[in-house]
Amino acid sequence: MSIWTYANPAKFMATTARAVPILSLLAGACLLGGLAWGFFFTPDDYRQGATVKIIYLHVPSALMAINAWLMMLVASLIWLVRRHHVSALAAKAAAPVGVTMTLIALVTGAVWGSPMWGTYWAWDPRLTSFLILFLFYIGYMALWSAIEDPDTAADLTSVLCLVGSVFAILSRYAVNFWNQGLHQGASLSLDKEENVADVFYYPLLVCIAGFVLLFVALVLARTRTEIRARRLHALQLRERMA
Amino acid sequence: MIRILARDLRLAVRAGGGFGLSLAFFLIVVVLVPFAIGPETARLSPIAPGVLWIGALLACLLSLDRVFALDREDGALDLLATAPVPLEGVALAKAAAHWLTTGLPLSLAAPFLAVLLGLPWPGHPWLCVSLLVGTPALSLIGTFGAGLTVGLKRGGLLLSLLVLPLYVPTLIFGADVARRGAEGLDLGAPLSLLGAVTAGCVALLPFATAAALRVNLR
Amino acid sequence: MPDLGKYAAEVGAAYAVSAVLLLGIVALTLWQGARVKRALRAAEGRKDA
């Protein structure tokens with residue numbers, strides 16, 4: 001039993017049919033529970049006041065925005081190397097979810113920045129690289145929708161994803177070089193010293209789990225839709241031939 | 001490869017299209033800026049390096065969709081794909097031809113246009129150097145984008161959407177070299193990073209372009 | 001309801017925008033899924049008939 005058995009669309013559909021409802025429930029529970037815990041039962045920060053509650057949306061969505069792109073990169077590589085259609089479709093399915101996460105991170109960050117930094121937007125390295133990531137997502141999705149033949153589209157978007165990843169990392173460092181930032185360091189790291197305080201830490205972990213589960217559930221559900229759409233396309237072609 | 005390069009150069013000069021057009025576009029962009037910003041030199045000269053870089057970048061973009069599209073239409077691209085030259089070599093030659101017809105003239109013209117924007121003196125040679133080092137990367141990235149979109153009917157707009165985010169690192173380092181040059185600061189770090197980006201593009205992007213072309217010619 | 005103090009507008013806006021975006025992507029996913037499922041079932045029906 002290896003992971004490659006899920007490259008078979010029928011097997012994938014059968015397994016995910018059972019997995020998606022469970023994952024959705026878990027995601028909903030974690031999100032509602034974590035957000036409620038953070039919103040109602042944590043104290044205000046002594047410097048940031050109530051705005052600290054935005055962290056429960058900002059950090060998980062920013063995390064998933066980057067991880068969604070990583071997942072697309074891995075899926076693209078699997079498609080290029082092993083030619084499993086499910087993998088290519090999963091990459092396609094992840095892009096809109098990643099865009100949403102990026103947008104949430106940008107908007108919540110801007111809303112938080114206005115009282116704290118005194119501005120909605122600053123050309124800070126982290127903010128700027130997220131904006132660039134957003135542009136990459138848009139280009140990737142535009143290329144998918146522009147090409148009619150599905151296999152060609154999968155190939156070309158995978159190549160774009162690979163090249164885009166290299167340039168995204170390059171841009172990250174270029175932007176760092178270009179402007180020193182306002183943004184605080186990592187909220188979560190193994191180095192406990194610079195982490196957020198424990199009161200905020202545990203509800204944040206629950207929220208992150210909720211966002212991860214939501215992402216997985218959404219991507220699986222969207223991949224199922226893509227597989228069905230592919231089958232529908234094939235059936236329609238056959239009808240037209242007959 | 002040399003033959004492909006020479007053929008592309010001849011076509012560009014003879015058809016009179018790409019060669020003069022992007023230069024004229026560059027000139028117009030630079031002329032339009034003072035109308036939008038105002039004619040005071042004190043306001044224009046600090047933004048001059050950035051404006052010239054943006055202008056060069058857009059002028060580069062203008063001629064990209066012709067890199068492969070014309071060859072695709074008359075079937076020459078299929079012949080190139082079956083030629084004994086590897087497709088990676090074709091991609092590199094195409095990028096070189098694009099650079100020689102747009103990047104090089106743009107870089108040489110930029111110092112003269114910089115006079116219009118009141119760029120302070122030591123900036124002119126450094127602006128030229130930064131463009132000379134940076135524009136090959138723009139041509140290579142653009143050729144990659146053109147390879148991706150060659151099969152599409154209305155690829156022009158999509159091409160700019162795909163290519164412009166990839167231009168970010170080059171633009172940051174290039175404009176920084178030009179700015180520091182104009183202010184007389186030390187510019188070793190951004191210049192070497194700009195060179196590194198270009199060298200990386202030369203080494204890697206022809207492979208990606210060739211992969212995209214192979215998919216499109218299937 | 002916790003007292004959000006002077007930042008009530010900011011916190012509320014952040015949560016509202018995020019909720020709208022999250023519900024938007026979920027609704028889009030469900031809607032697309034249902035539409036494709038229906039079309040596929042219709043096509044399968046035609047094939048069998």
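Since every read-out is calculated from the coordinates, none of them should be taken as a lab result. This structure is a prediction, so every number in the text was calculated from the model and none was measured. Please note: Cβ atoms are built from the backbone with ideal geometry, for glycine as well, and neighbour counts cover all protein chains shown.
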Task: Cβ-based net charge around B:Val163, under 15 Å, with every Lys or Arg adding one and every Asp or Glu removing one - done: +1
- [ ] Pull out a ≥ b ≥ c, the square roots of the eigenvalues of the alpha-carbon gyration tensor of region B:41-105, then state rounded if a/c is under 1.5, prolate if not and a/b is larger than b/c, and oblate in the remaining case.
- [x] prolate
Task: Rounded to the nearest 20 debye, dipole of chain A from Cβ charges on Lys, Arg, Asp, Glu - done: 900 debye
Open item on the list: Loop-only chymotrypsin sites (Phe, Trp or Tyr not before Pro) in region A:104-134, please: DSSP not H, G, I, E or B, and at most 16 other Cβ atoms within 10 Å.
Closed with: A:Trp117, A:Tyr120, A:Trp121, A:Trp123
- [ ] Could you tell me the largest-minus-smallest coordinate of the C-alpha atoms of region A:1-84 on each of the three principal axes, in descending order and whole angstroms?
- [x] 53, 27, 16
Open item on the list: In whole Hz and in residue order, list the ³J(HN,Hα) couplings for region A:93-103 that follow from phi through the Karplus curve 6.51 cos²θ - 1.76 cosθ + 1.60, θ = phi - 60°; x for Gly and Pro.
Closed with: 5, 6, 4, x, 5, x, 4, 4, 4, 4, 5
Open item on the list: If each DSSP helix of 4+ residues adds -39,500 (n - 2.57) and the sum is divided by the residues in the protein assembly as shown, what number results at 222 nm, nearest 500 deg cm²/dmol?
Closed with: -28000 deg cm²/dmol
Task: Sequence-separation-based contact order of chain A, relative, with Cα cut under 8 Å and 6+ spacing, percent - done: 34 percent
TODO: Take region B:2-216, compute every pairwise Cα distance, and split them into 5 Å bins from 0; I just need the percent in each bin.
DONE: 1, 8, 16, 19, 19, 15, 10, 7, 4, 2, 0, 0
Task: Convex hull (Cα only) mean projected area of chain A, reported in nm² to one decimal - done: 15.5 nm²
Task: For region A:18-25, 3J(HN,Hα) per residue [Karplus equation, 6.51 cos²θ - 1.76 cosθ + 1.60, θ = phi - 60°, Hz, x = Gly/Pro] - done: 7, 6, 4, x, 4, 4, 4, 4
TODO: May I ask for the distance between the Cα centers of region A:119-163 and region A:18-49, given as a whole number of Å?
DONE: 29 Å
Open item on the list: I need the shape label for the protein assembly as shown. Rule: rounded when a/c is under 1.5, else prolate if a/b > b/c, else oblate, with a, b, c from the alpha carbon gyration tensor.
Closed with: oblate
Task: chain C: Cα Rg divided by the 2.2 N^0.38 Å rule of thumb - done: 2.11
Task: Cα radius of gyration and Dmax for region B:158-218 (Å) - done: 15.3, 52
Open item on the list: Output wanted: per-residue J couplings in Hz (rounded whole) for region A:201-206, from phi through Karplus 6.51 cos²θ - 1.76 cosθ + 1.60, θ = phi - 60°, x for Gly and Pro.
Closed with: 5, 5, x, 5, 4, 4
Task: C-alpha center-to-center spacing [region B:1-75, region B:160-218] in angstrom - done: 16 Å
Task: Distance violations [Cα-Cα > 23 Å] among A:Lys11/A:Lys92; A:Lys53/A:Lys92; B:Lys153/C:Lys47; A:Lys92/C:Lys37 - done: A:Lys53/A:Lys92; B:Lys153/C:Lys47
